[in-house]
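Worksheet: one structure, shown below.
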Amino acid sequence: MTEPVPTTCMRCAVGCGLLERGVDTGYGLARVRGDTNHPVNRGLACRRGVDETTNPAGERLTRPLVREDGQLVPTSWERAIGLVVSRIESSLADRRDGVAVLGSGQQTNEAAYLLGKLARGVLGTRYYDANTTLCMASAVTAYYEAFGSDAPPPTYEDVPEADTHVVWGANPAVGHPVMYRWIADSASEPDGELIVVDPVESETVDDADCHVQLDPGTDLALARAVLARIVERGDVDGPFVEAHTEGFDALRESLPRPEAAAAVAGVSTGVVDRLAEAMSAPTLIYWGMGVNQSVQGTDTARALIDLCLVTGNLGPGTGPFSLTGQANSMGTRVCSSKGTWPGHRPFDDPVHRETVADAWDVPVDRLPDDSGPGPVGIVGAIADDPLDVCWTVATNPVAGMPDTGRVREALAGTFLIAQDAFRTETVELADVVLPAATWGESEGTVTNMERRISRVRAATDLAPKVKSDADIIAAVGSVLDSGAFPDPTADPEATFDELCALTAGTPADLSGVSYDRLDRELAVRWPAPTPDAEGGYRYVTDDGWTFPTESSRAAFSTGTHGGLAEPPDEEYPLTLTTGRRPDAYNTGIRSRELGDEAEPIARVHPETALERIESLDRGRTVITSRRASVTVTVQPDDGVPPGLVWLPIHHPAVNELTLPVVDPRSDEPNVKQCAVGLRAPDRPEPESSFGTPGVTGTNPSS
Ligand code: SF4
């Protein structure tokens with residue numbers, strides 16, 4: 001029997017410590033359980049985290065593949081890497097920015113850092129981002145604008161200290177089960193309460209003391225109605241606002257009448273009063289993709305931060321706390337060189353650019369001048385330009401991005417390199433497939449949503465023809481630039497040390513963290529500038545408040561509700577929204593067999609189903625948007641308001657329908673609402689664009 005190995009769950013960003021035991025013979029994990037010594041979870045773990053780690057569904061990639069005569073066929077690593085390098089070199093010989101790189105919040109810090117070093121320092125491309133922009137970029141942008149830094153102020157230690165827990169546009173009961181246990185426990189205390197703001201009923205709503213069922217896409221209107229009511233009631237924390245904030249007068253002048261804004265949100269003024277009153281107690285506001293995935297995601301997240309600022313709910317036991325989805329979204333922000341250089345160094349600052357170029361041993365003028373577009377803009381550039389090469393790492397844009405018909409068409413028109421542990425919709429399109437290690441098979445670190453770094457370790461040997469993400473990146477990098485990548489394999493500890501050294505003196509200082517320290521303490525929260533320092537609640541110290549803004553004050557905002565990006569009309573009279581299910585995560589690639597998915601199940605209010613009865617055939621209908629049509633099974637559900645259609649985010653067909661417009665400040669796409677109609681399914685069943693029974697093709701690539 002192998003010994004249990006202490007590591008960290010990489011299924012979600014709660015960051016639970018796990019003990020993993022490898023199988024006695026062969027490759028894989030035999031047993032996984034929560035680690036009672038780990039300071040984050042003290043032995044707790046959720047079913048999904050354990051199951052998807054131990055025994056994931058989906059087909060593992062076990063050897064490199066290349067496309068020959070239209071088919072993916074096995075090849076050697078030498079040939080696969082050789083092809084990747086030659087296509088990249090030939091693109092670089094022609095032009096800069098001919099290669100796009102799409103990374104992931106599911107890589108270790110080490111792999112994300114090396115991918116950024118390769119993309120920015122070796123390729124010098126603008127066209128580089130991670131899928132984290134698809135889920136939490138609006139929250140990040142809001143934190144930067146309000147606080148001058150992207151770190152959420154609270155930590156998990158604040159959860160039991162709060163009385164009011166407001167969950168806004170999120171479903172942590174299924175998204176973040178271990179953290180939700182702490183929220184639910186605190187909310188069930190005598191002074192506690194749980195308020196959930198969501199257009200639809202959910203597992204979190206089931207536990208709520210109050211469900212605020214606003215109209216889809218009106219979160220900003222509701223937040224500003226509550227702000228206006230707080231000002232009207234005289235509940236502003238004057239001393240805090242006076243001493244530590246700026247922009248309050250502009251905010252106050254911009255506020256709507258609460259009654260008018262409540263009407264826009266489709267709620268009563270009583271609901272607005274309820275929220276305003278609740279915030280007089282110590283309050284934590286948590287939010288997720290229901291807020292962030294909107295053309296007004298940043299403005300809405302700013303308004304939620306404003307609610308905390310105006311009521312003085314900023315300090316231990318209170319504050320704005322965005323719920324990060326992917327395990328290493330936070331680490332990606334610190335180390336991946338997307339919007340900032342490692343350690344949140346400003347992208348366009350010449351001194352920081354010199355520092356980074358020196359550390360990487362690359363010419364500073366090779367670094368791109370700007371950080372480039374987000375994933376939607378990158379796909380647009382591939383489609384319009386087109387770029388020569390696109391390299392995806394641990395991400396599945398053909399299922400996870402909005403308007404996936406357009407994504408599929410764009411990626412089919414370029415040389416696509418797909419690096420992944422599992423066969424995905426994106427892998428199916430690739431020209432070269434690089435089989436990567438997954439959790440329990442590789443070494444590194446991960447950073448959870450409260451900024452805590454902990455080790456991930458291998459509890460089993462790697463299958464012979466599979467490599468870690470970091471090793472694959474190093475193998476390519478060492479051929480392209482042996483100065484930046486001296487070795488064809490990556491040493492995780494040396495890579496972590498290089499990353500930490502580059503963050504010294506920055507707002508996200510990791511220089512006091514080392515593998516030795518993590519082995520001793522299991523988890524360390526940044527900023528940690530010395531070997532015994534650890535970050536706590538951000539922006540408040542024994543000396544008072546310090547915000548890293550020019551004025552040292554936190555900033556209020558004035559964004560106003562602008563309406564739905566694609567409102568319903570005569571042709572598409574309903575609104576589609578999406579949400580999580582308990583039995584899957586992200587694009588569901590660890591909980592389904594590729595190409596064998598059942599039809600998606602659409603929750604529809606019984607009244608809406610009855611009104612559109614001519615569009616139903618034996619419980620099925622076709623949902624149509626301006627981009628595609630998807631056949632679904634209808635589940636009548638009065639937890640969904642009339643006029644709304646709800647689909648799970650995890651099904652690969654769902655993003656055929658969604659809208660690829662983005663928040664102009666965060667680049668996060670407006671996935672949460674689009675206009676749709678229903679029509680009766682054709683007979684016989686049309687061919688699917690995925691080879692699944694769930695999709696009917698009206699987009700150009702179907
Ligand atoms: S809550 Fe998240 S990190 Fe914890 S065990 Fe579950 S999936 Fe893993």
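No value in this document is a laboratory result; all are computed from the given coordinates. Here the structure is a predicted model, which is why all the values come from computation and not from measurement. Neighbour counts are summed over all protein chains in view; Cβ atoms, including those assigned to glycine, are modelled from backbone coordinates with ideal geometry.
Across segment 43-59, computed HN-Hα scalar couplings (Karplus, 6.51 cos²θ - 1.76 cosθ + 1.60, θ = phi - 60°) run x, 6, 7, 9, 4, 4, x, 5, 5, 6, 7, 6, 9, x, 6, x, 8 Hz from first to last residue, x flagging Gly and Pro. Using a simple spin-label model with pseudo-atoms 7 Å out from Cα toward Cβ, ARG366 and THR560 lie 5.0 nm apart. Normalised by the number of residues in segment 167-276, the mean separation of alpha-carbon contacts (under 8 Å, six or more apart) gives a relative contact order of 24 percent. What is the calculated FRET efficiency for ASP348 to SER552, with r their C-beta to C-beta distance and R₀ = 22 Å, to the nearest 0.05? Working from the Cβ atoms, E equals 0.50.
Please give the FRET efficiency for GLU3 paired with GLU242, using the beta carbon to beta carbon distance and R0 = 60 Å, rounded to the nearest 0.05.
Numbers: r = 58 Å, r/R0 = 0.97.
Once the sixth-power term is evaluated, E becomes 0.55.
Taking other C-beta atoms within 10 angstrom as a stand-in for reagent exposure, THR53, THR36, THR324 fall in the order THR36, THR53, THR324, fewest first.
Could you please report the charge total around SER666, scoring K, R as +1 and D, E as -1 over all other residues with beta-carbon less than 14 angstrom from its beta-carbon?
On the way: positive: ARG302, ARG333, LYS338, ARG665, LYS672; negative: ASP129, GLU145, ASP150, ASP299, ASP663, ASP667, GLU668.
Here the charged neighbours net out to -2.
For ASP35, the residues 5 or more places off, or on other chains, whose built amide H falls under 5 Å of its own are GLY17, LEU18, LEU19, GLY43. Once the C-beta distance of LEU480 and ARG33 is scaled by a Förster radius of 25 Å, the resulting FRET efficiency is 0.05 to the nearest 0.05.
Backbone amide hydrogens, once placed in the peptide plane, bring ARG620 within less than 5 Å of VAL634, excluding anything fewer than 5 places away on its chain. Taking amide H positions as modeled 1.01 Å from N, with prolines and chain starts lacking one, the residues under 5 Å from ALA490 and 5 or more places away or on another chain are ASP471. Spin-label pair TYR515-ARG581: with each label point 7 Å from Cα along the Cα-Cβ axis, the two points sit 4.1 nm from one another.
Shape of segment 135-325 from its Cα gyration tensor (a ≥ b ≥ c, root eigenvalues): rounded if a/c is under 1.5, otherwise prolate when a/b > b/c, or oblate? Taking the square roots of the gyration eigenvalues as a ≥ b ≥ c, segment 135-325 is rounded.
Computed extension length for ALA501-ARG683: 59.2 nm, one decimal, from 0.36 nm per residue of separation with the Cα-Cα distance subtracted.
The phi-based Karplus calculation (6.51 cos²θ - 1.76 cosθ + 1.60; θ = phi - 60°) puts the 3J(HN,Hα) values of segment 219-233 at 4, 5, 4, 5, 4, 6, 4, 5, 4, 4, 5, 4, 5, 4, 6 Hz, whole numbers, x for Gly and Pro.
Percent antiparallel among DSSP beta bridges with both residues in the chain, to the nearest 5? Close to 50 percent.
For GLY559, what is the net charge nearby, where nearby means another residue's Cβ is under 14 Å from its Cβ and Lys, Arg count +1, Asp, Glu -1? Computed value for this residue: -3. Which residues in segment 429-457 place their backbone N less than 20 Å from a point set 7 Å from the Cα of GLU493 along the Cα-to-Cβ direction? Under cut-off, by backbone N: 440-447, 453-457. Between GLU614 and ARG95, the modelled label-to-label distance comes to 5.0 nm, taking each label 7 Å out from Cα in the direction of the beta carbon. Peptide packing: for 645-652, 497-504, 92-99, the average count of neighbouring Cβ atoms within 10 Å per residue gives the ranking 645-652, 497-504, 92-99, highest mean first. By the count of neighbouring beta-carbon atoms within 10 Å, fewest first, TYR113, TYR27, TYR127, TYR539 end up ordered TYR27, TYR539, TYR127, TYR113.
Of the trypsin sites (Lys or Arg not before Pro) found in segment 98-153, not one falls in a DSSP loop while having at most 14 other beta-carbon atoms within 10 Å.
Bridgeable lysines around LYS117 (alpha carbons under 20 Å apart, same-chain partners fewer than 8 residues away excluded): LYS338, LYS467.
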